[in-house]
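Rule-based calculations on the coordinates, nothing more; no lab input. Because the structure is a prediction, the values reported are computed rather than measured. Neighbour counts run over all protein chains shown; Cβ positions are idealised from the backbone, glycine included.
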């Protein structure tokens, strides 16, 4: 938890957009790790496993959320997602707010690529996506973020 807990929490936060859900996912992932019998070859193998389980758990949570009543986002106070262990400043806040506007399919890719340092090929393996899909979504996300940060409107929500 000390080594990879921050990565798991941040990825869950990017996926869910909710601190409470991210904390639930974080807890579930490490409980699963404690119960799992997988032999990890090295620290990177463990990290990849944790991030994959985090992504899967977030997808499970999203599917279950579709079946339960929820409160609309416009009814909640606006609170930008902040990485838990970073000092916030103006540009970081703007960037995180822009990342929040990305479609669900793009947010984790941006997080894994820029924050965790994974390559497109590694992200494709982690998320069971085609590498060309990862490249396309990253490019669309970059375009969306650039437009958003420059004050424009981007309607590409794929």
Worksheet item: What is the distance, in nm, between label points placed 7 Å from the Cα along the Cα-to-Cβ direction at residue 37 and at residue 143?
Response: 4.9 nm
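Rounded to whole Å and sorted largest first, what semi-axes of the equivalent ellipsoid does the C-alpha gyration tensor of region 1-61 yield via the square root of 5 times each eigenvalue?
19, 11, 10
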Practice prompt. Take the Cβ-Cβ distance between residue 125 and residue 150 as r, set R0 to 35 Å, and report the resulting FRET efficiency rounded to the nearest 0.05.
Written response: 0.60
Worksheet entry | Label point distance in nm, residue 60-residue 1, each placed 7 Å from Cα along Cα→Cβ | 1.8 nm
